[in-house]
1. Return the residue satisfying two criteria in turn: it lies in the stretch B:231-251 and is at pLDDT below 60 and at the interface with chain A (Cβ under 7 Å from one of its Cβ atoms), and of such residues it is surrounded by the most Cβ atoms within 10 Å (Cβ to Cβ).
2. Would you pick out the residues in the stretch B:777-795 that are over 24 Å from residue B:899 (Cα atoms) and open to solvent by less than 20 Å² (accessible area, probe 1.4 Å)?
3. Considering only residues that are open to solvent by less than 20 Å² (accessible area, probe 1.4 Å) and in a loop (DSSP other than H, G, I, E, B), look in the stretch A:287-301 and name the one that is nearest to residue A:108 (Cα to Cα).
4. Is there any pair with a first residue in the stretch B:116-134 that is touching a residue at least 40 places away in the same chain (Cβ under 8 Å) and a second that is crowded, with 22+ Cβ neighbours inside 10 Å and outside any helix (DSSP H, G or I) whose Cβ atoms are under 6 Å apart and which are 6 or more apart or on different chains, and what are they?
5. When you scan the stretch A:95-128, how many residues do you find that are in a helix (DSSP H, G or I) and in contact with a strand residue (DSSP E or B) (Cβ under 8 Å, 6 or more places away or on another chain)?
6. Going by the structure shown, is residue B:498 surrounded by 21 or more Cβ atoms within 10 Å (Cβ to Cβ), within 11 Å of chain A (Cβ to nearest Cβ) and at pLDDT 85 or above?
7. Given the condition under 30 Å from residue B:324 (Cβ atoms), modelled with pLDDT under 80, open to solvent by 50 Å² or more (accessible area, probe 1.4 Å) and of a type outside the set (Ser, Thr, Tyr), answer yes or no: does some residue in the stretch B:511-521 qualify?
Amino acid sequence: MLIISSRNALLSVYYPQIFLILTSGSYLALSSVVALGANIICNKIPGLAPRQRVICQSRPDAIIVIGEGAQLGINECQYQFRYGRWNCSALGERTVFGQELRVGSKEAAFTYAITAAGVAHAVTAACSQGNLSHCGCDREKQGYHDQEEGWKWGGCSADVKYGVEFSRRFVDAREIKKNARRLMNLHNNEAGRKVLEERMKLECKCHGVSGSCTTKTCWTTLPKFREIGYVLKERYSAAVQVEAVRATRLRQPSFLRLKQGRGYQKPPVTDLVYLERSPNYCEKDATTGSAGTQGRLCNHTSPHTDGCNLMCCGRGHNTHQYTRVWQCNCKFQWCCFVKCNTCSERTEVFTCK
Amino acid sequence: MGLIRNLTGDQACCHYAVEVPQCREACEQLATIRSESRLKHFLQRLPGYCPESMTELWTCINSSLPGVPQKPEGWVGLGCCELAISPDCRRECKQASSKNDITKVCKKDTEKPLYKCITKNEMGSVCCSYAGRHTNCREYCQAIFRTDASPSASQIKAVEDYCQSVSPQLISCVSNYTKSYPNKTPKDSLYCCDAAEEAHCQTSCKHILRTMTTEHEIIEGLIKECRSEPLPQDPLWQCFLGNANPPPPEPEKPPKKIDWAKLHCCSKANTSQCRDMCQDVSTNWDTQTWQEFDQLCEYNPVETDLITCLADVREPCQLGCNDLAYCTNFNNRPTELFRSCNVQSDQGAMNDIKLWSNGTIRMPFMNIPVLDIRKCQPDMWKAVACALQIKPCYSKSRGSIICRSDCVDILTQCGDRKRFREGMTPERICDLLSPTDDPERCIPLERYLKPSSLGNFIEEVIHPCNPNPCPSNYLCEVNRKGCHVGQDCLPYLCVPGCKLGEASDFLVHMDTRVQVPAQNAGLGCYNVCTCSPSGRLENCAPMPCIDTGKKCMVGGQAKSHGTSFRVNCHPCSCYAGEIVCSHRECLSSDSTDDQRRHFTGLPCGCPNNFLPVCARNGRTYPTACVARCMGFNDSHFHFGTCHTSNPCSYNPCSRDKRCVPRRRVCLTDTSEFPCRQYECVSRPPSCDKTQLDPVCDTDNMEHPNLCMLYQRGKTLAYLGHCQDACRKPQEVCGHNGETYGTICEAYSERVAVDYHSPCYAVGAVAEHPSDSGCNPKHCPPLSTKGCKPVTPPGACCPLCAGMLQILWNKQQMNAFAKLNRNQPVTLHDILRILRLHVSVPQCDIFGYLSIDSEIVILIVPVDQTPTPLQIEACSKEAEKIDSLINYGSPTLVSHVPLSAFLTSEVKVSTISSSALPAASPLPLCLSLPLLLLLLTLVGAPWGL
């Protein structure tokens, strides 16, 4: 039994040095256990390159936004190609950036451009909403007053430069192999981000009697991502075929040139580029990554790609029936609300065999 | 006996060393040392860091070291023996006299719960030994350590109450324990599991976090069970990633993620512990306090106000339920209130039933063994699961609880008695889960055992924003203005809004101003911010802080800040030590019958003549006597109504601008913030043609918005579409005592019509009207037969509507005006914001400032001949808003200037039962004696 009663005796046996070692030793033991560390989750996320994992570990808050941005791109891709034989799907493991196409086709070009733009878009949006540390509103666009035009910067201008730079740092880190495909992907990533930068909008708010514009404050905002989707879809249709040129010394692909062009003409920065021709995406094919069109919905009457004839590649289709319910005949009632009826209809859907 | 037994207690002593950092640091090491010899060594050196003058510290350390008298009743771990897994260990534990006796039989790695419990009890015995011979204090202290769950807030409070005077050491020792409990474990991330999309994944996630310990195991388990690789776009993994601390080298701390709406609620906590924890949870979303908060506060009856407030922010109580696929009996109920009528909860109910079919209902603090619920009362169980998920709520109690008799009933029939813990009966379980019997506070299951009696004729009352059709970051607003020609016209609009803090899901409208608790400041300090077009709260300015600790003395009783009470006929509220009461005129008990008969309730006992004067707050008062009584001196009002006087007659505007009358009633001080009745407009050079806010000019021509009307040089008649009914002038008298040219003009100012002629009299203001100049013959017939009408104060005619009388704080209104560039706060501001809270398009909001300066709100069916169901819906809307005001719910009082509301009284029109559709379930159920029993679950569903 030890009961401290005599302080004097205790003071005589006092070794400060040993004590300090003891203290520092037990500090380590005190560090708290985190439930689930970012390290281990980041190591398990499928489809990340080593440098991307490092970013993930140091900025777990940013990886969430990146994931959302990539998903934004994937969803938009699926929307844009909802009527095509290729509906933005591919065989293989689902990664952060969706399922990857093996062939360096126009479709692959589109997916790279749209995910790079999606990440830049999401990061910029998260910055201006205050959801991400280290960034915020565009500091350059503050306070400036244009007397002639009668407006000044106000509110929170989206910092698209930061978003684009972040996308460049993260998305481009995915290209680790030194091959032609790398050059193609990097080019398309950049093209996607360029589209976003070009489409930034100036929005203004008028201060005056309801709706009048005697004075106004303005700020830049992100475009709706749908708009980016449409622009990139156009670029997809006008994509140009390129080939890689090997530098003489290193025997490695070092830049791209237009296949149809004369001499060493480089593709324009804003164009989407591809290396190989696309497969027809009719059947499931592991070598190209095509998922095939079996089970896809098709339009019985359409003569276009969403029509059953083209979509099903001549295999024919199945018919299913169901009842559709929606709000209809909405009318404004005095006073003051909008009244709708509920309508229903028996409809048929068709899927490819 | 080993030293280890008491070591943990030492840490409690260290707070005596706060002022000497080196001593504190050294002291804290004490608790981490595991070997006896090292400890001896260490203690010998301690005085070098902690001088002997620190008597309190040393007394504390001495007393927590071995040698303190042991309790006679068995050894310290005796209460834990039931936790032993192997029977041998259990037997050994019961016979032991110290921990050393069991170490051979009870393996440390297999009997973890047992050893954890023993450690806890050891700590308890140290703490509680401070109680000495004070048995009450000791018993409450021991109770804290005895439970196998974490101690409840009420238990902690009891210790504080009983031991404060006995031993401050004990209090600090106990609070040291309660603060550190529980340790940071994977369990703190349990809330992440709710983010998983699949129910199967949710359950296995919780199981995994509860049972596995290493990160690696957990992640492998999650990947396997949820069949998903950790993708950062998956909400489940997002939650874990967001929760994960970046590894140590990261120099910066992640910014605080604040939820202002929840922070608002924290002031409602009754215990300081829950308040601190609530603030922690709301200001720093990344913290691990969640689980702790759930355990200590979420199920604590003392904290009902706090929990209800949080529930209101998370899932506001809204009218109507529809579109459910599993809980179909909840569909088509447009006049009942629900918190969570959506597809996810519907799915959740189905999953709960699946889980319960395994024979056990898992609750956060107990497991209830049940028979096969697929055979025993399956309909009842379905109703239970649905009720707990869909969460019907009442405007008065606001909790979602099942009635006690239902609970007893179903457990008596389907509880598996053989597996009940000793001493458990259905009644006891139900007492714990559902302490209330009040039919206005619990959900009678009977109501949901069959489909709604209304059938499918839901067109009468709709609720387009419930379930919410808008994407996140968008607010759903009832469409009350129609659409551009040729556009898709839906009964709702999705408008962008601002989150109330990064971590909040609660949105406010753009350009509105909100009041949020100031960070790093006291409880009564708030900032007023604007929701800017970028979707963030900006331009925050501090309000003057108020002292919420100050109490009001009323009739010898102390009332705390924010409480409401009545003095005579006055509703009153205590605001920072000041009593704010209405200006009503009350009858005293010694009034004669004659006085009673002639009592009108007009202020200062003024006669009920009608010789209107217009005061400079923009309101018309019936006589000069009343205006004087309300504090206006003779230069502050002029004869005639406010609408007949022309504010532009002496043209106050500069030459290039046009003077346009703009009538308003100001709630702020008129000398400090002038209540201008006009506006100077220049002919605007450009207008936004796409902005749809139709207005009608005096020539009956419609313009898309006000700007276009001015651009065309026209004069405004009323806001809204031009109406055929208002083509010809037909004078009406509004409830505010103003005569309007047409109904449309009155509606445009959000004033409801009293009767169809120019105003000629003032009605009774008192609650029991007796004498007034009104002639009932002039009143229009009631809109619906069988409705019990309400008569607004000062009005002549009754109407079928829901009515609120709101007491408000002028001081606060003035503060808001000061922060808003000295713009006065008007009644219209209030109506505009309150209108957004009316979720049924068949009801609209009107209001006026009563003669005695209360805000009167009417929620009226918009249909000319409303159905009983529509009147009921409007009444429910009124009750909903009333309770939001009286509970000070942040969903309402975050909005400036509604934050200045103090208390509200509601009166609603009821429909006599003969007028209702045949089998309305509501009144029937309330009369049944069967339906009383409940399960207190506001936030979390039953189940794992």
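1. B:244
2. Matches in the stretch B:777-795: B:784, B:787, B:790, B:794, B:795.
3. A:289
4. Every condition considered, the pairs that remain are B:118/B:77; B:121/B:76; B:121/B:77; B:122/B:76; B:125/B:76.
5. Total satisfying the criteria: 9.
6. Against the criterion (surrounded by 21 or more Cβ atoms within 10 Å (Cβ to Cβ), within 11 Å of chain A (Cβ to nearest Cβ) and at pLDDT 85 or above), residue B:498 qualifies.
7. No, the conditions are met nowhere in the stretch B:511-521.
Residue by residue, here is whether (1) in contact (Cβ under 8 Å) with a residue 24 or more places away in the chain; (2) in a loop (DSSP other than H, G, I, E, B); (3) of a type in the set (Val, Ile, Thr) holds:
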site	(1), (2), (3)
B:464	yes, yes, no
B:495	no, no, yes
B:514	yes, no, yes
B:534	no, yes, no
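The values are calculated or read from the model by the stated rules, or taken from the named source; none is laboratory data. Nothing here was measured: the structure is a model prediction, and the numbers come from that model. Every residue, glycine among them, receives a Cβ derived from its backbone with ideal geometry; neighbour counts consider all protein chains shown. For the accessible areas, the whole protein counts, side chains as well, though only heavy atoms, and no ligand, DNA or RNA atoms are used. Shrake-Rupley method; radii C 1.70, N 1.55, O 1.52, S 1.80 Å.
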